[in-house]
Amino acid sequence: MRTIYLDNNATTAVAPEVRDAILPYLSDLYGNPSSMHSFGGQVAEAMENARLSLANLLGAHPDEILFTSCGSESDSSAIWTALQTQPEKRHIITTRVEHPAVLTVIQHWERHGYRVTYLAVDSKGRLDLNDYEQALSDDTALVSIMFANNEVGNIYPIQRMAEMAHEKGILFHTDAVQAVGKTPIDLQHLPVDMLSLSGHKLHAPKGIGALYIRKGVRFRPFLRGGHQERGRRAGTENVPYIAGLGVAAQLALDHMQEERIEVARLRDKLEAGILERIPDCMVNGDVENRLPNTTNIAFKNVEGEAILLMLDRLGICASSGSACTSGSLEPSHVLRAMGVPFNFAHGSIRLSLSRYTTEDDVDFVVEHFPQVIKTLRAISPFKD
């Protein structure tokens with residue numbers, strides 16, 4: 001059966017060029033990049049080339065790039081260093097719609113005595129900059145705001161929010177895992193202090209990420225031990241995946257216009273086709289400021305998990321905005337924060353495209369989605 005993959009905000013296919021770049025470092029080029037001999041030196045050179053490639057994608061200097069194992073480690077490292085270098089400050093600002101990689105870490109520090117401001121969002125998932133301005137204080141150690149939301153795709157006003165933090169001498173971190181490679185980021189002009197990213201969201205493998213740390217920002221290692229990464233992260237570097245991430249970064253730069261224009265066109269066609277053919281559905285989030293690949297659509301009086309199961313039978317991969325976990329039937333924390341009505345929130349589905357999504361993929365989904373919803377509504381216990 002044909003697979004139509006529309007879950008690219010969960011993970012992406014490894015690009016063939018990335019796979020080809022990885023393979024030599026899993027066979028012949030197995031040296032340790034910290035070794036003094038030339039066999040290890042050539043591996044170290046490949047790693048630095050990848051660092052340069054990633055820096056070019058971000059508009060950063062290579063020395064500002066720290067390789068990690070994933071976006072979650074990058075987030076934890078950023079929060080850790082901000083708090084450890086400013087022990088006198090006991091306040092953190094974040095949002096109610098952050099990814100758990102940030103929320104759970106901040107909640108941990110909250111249990112250890114830190115005061116946390118969780119910024120609210122409106123019905124479209126937008127932040128209020130007046131609320132944010134009032135939350136900033138002399139006691140604030142860190143602001144951590146995601147660049148783009150993983151569920152609804154909203155892009156947040158990071159430029160202005162970072163400027164406002166800096167006006168009060170406050171460190172600013174952004175989780176840009178969903179944004180890197182999908183929308184342009186230029187850290188020469190975007191005044192964030194730290195930025196997290198993950199390789200598997202931009203067609204590199206799972207198990208590799210990076211943290212951007214602006215020059216001059218004090219840093220304390222989250223992972224201690226050896227001298228690797230200029231003493232900022234212990235552990236022998238994952239050279240194969242670092243090499244792959246470097247190629248993925250170059251591909252992302254090469255395809256940026258395609259992501260912004262062609263992927264957005266297909267997303268809009270998919271979204272419009274579904275809204276035209278299915279009654280009682282709506283788009284969650286801010287359609288004026290969102291990632292080019294993401295739509296989150298809520299279907300009234302249907303369970304999201306049931307939709308996913310029926311789509312799966314058709315070979316369509318998507319994800320649910322109602323994400324039931326640990327037996328809970330509550331909608332996701334993002335949709336709850338937005339105040340999406342209960343009978344819509346439970347039927348919210350995220351469809352996320354990539355540059356590998358085709359016109360035929362979109363046409364197939366638009367053709368078959370209406371019958372899925374019609375079937376489920378006929379047997380749904382929820383009625384108007």
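Candidates D286, D360: the one that is over 25 Å from Y118 (Cβ atoms) and either more than 25 Å from the chain's Cα centre (by Cα) or in contact (Cβ under 8 Å) with a residue 24 or more places away in the chain (or both) is D360. Scanning the range 53-69 turns up one or more residues that are modelled with pLDDT of 95 or more, within 17 Å of the chain's Cα centre (by Cα), in the same structural domain as I170 (by TED's automatic domain parsing) and surrounded by fewer than 21 Cβ atoms within 10 Å (Cβ to Cβ).
Return yes or no: is R218 of a type outside the set (S, T, Y), in the same structural domain as I65 (by TED's automatic domain parsing), touching a residue at least 24 places away in the same chain (Cβ under 8 Å) and buried (at least 17 other Cβ atoms within 10 Å of the Cβ)?
When the stated conditions are applied, R218 does not pass them.
Among residues of the range 84-102 being surrounded by fewer than 20 Cβ atoms within 10 Å (Cβ to Cβ) and assigned to a helix (DSSP H, G or I), the one that is nearest to the chain's Cα centre (by Cα) is P100. List, please: which pairs have Cβ atoms under 9 Å, are six or more places apart or on different chains, and start with a residue in the range 115-143 that is over 24 Å from L83 (Cβ atoms) and end with one that is of a type in the set (K, R) and surrounded by fewer than 14 Cβ atoms within 10 Å (Cβ to Cβ)? Within 9 Å, the pairs are L129/R160. Scanning the range 262-282 for residues that are surrounded by fewer than 18 Cβ atoms within 10 Å (Cβ to Cβ), part of a helix (DSSP H, G or I), touching a residue at least 12 places away in the same chain (Cβ under 8 Å) and among the aliphatic types (A, V, I, L, M) returns a single hit, L275.
The residue that is farthest from A46 (Cα to Cα), among those in the range 2-36 that are out of contact with any strand residue (DSSP E or B) (no Cβ under 7 Å at 6 or more places or on another chain) and hydroxyl-bearing (S, T, Y), is T11.
The values are calculated or read from the model by the stated rules, or taken from the named source; none is laboratory data. Note that the coordinates shown come from a computational prediction; the quantities given were computed from them, not determined experimentally. For neighbour counting, all protein chains shown are included, and Cβ atoms are generated from backbone atoms with ideal geometry for every residue, glycine included.
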